[in-house]
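Single-structure report; data block below.
Just so it is clear, none of the values below were taken in a lab; they were calculated from the coordinates. Bear in mind that the values here come from a model prediction, so they are computed numbers and not experimental data. Heads up, the Cβs are rebuilt from the backbone with ideal geometry, glycines too, and the neighbour counts pull from every protein chain shown.
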Amino acid sequence: MKIHFEKETLEAIYLDWVHNFMSTWRFAEHYGISEKDAYTLIDICRRAHYNSLKGERNENKHDA
């Protein structure tokens, strides 16, 4: 199954993971997914978040 998320949603999920969960198991339980799927989702969300940060830094370089 393929699911589409907006970039902002992926970033929000990643930040939820960072700020509110002590373990991948608990994150998986909260979202009703397997731990394997949780690892995958967190990785996808982490990449979206860091790519967004890279983009912001590049935009700020052009503003200076």
Whole-Hz ³J(HN,Hα) from phi, Karplus 6.51 cos²θ - 1.76 cosθ + 1.60, for the range 40-47, glycine and proline x: 5, 4, 4, 5, 4, 5, 4, 4
Suppose R0 equals 35 Å. What FRET efficiency, 1/(1 + (r/R0)^6) with r the Cβ-Cβ distance, do PHE5 and TRP25 give to the nearest 0.05? 0.95
Least to most buried among LYS7, LYS36 (fewest other Cβ within 10 Å first): LYS36, LYS7
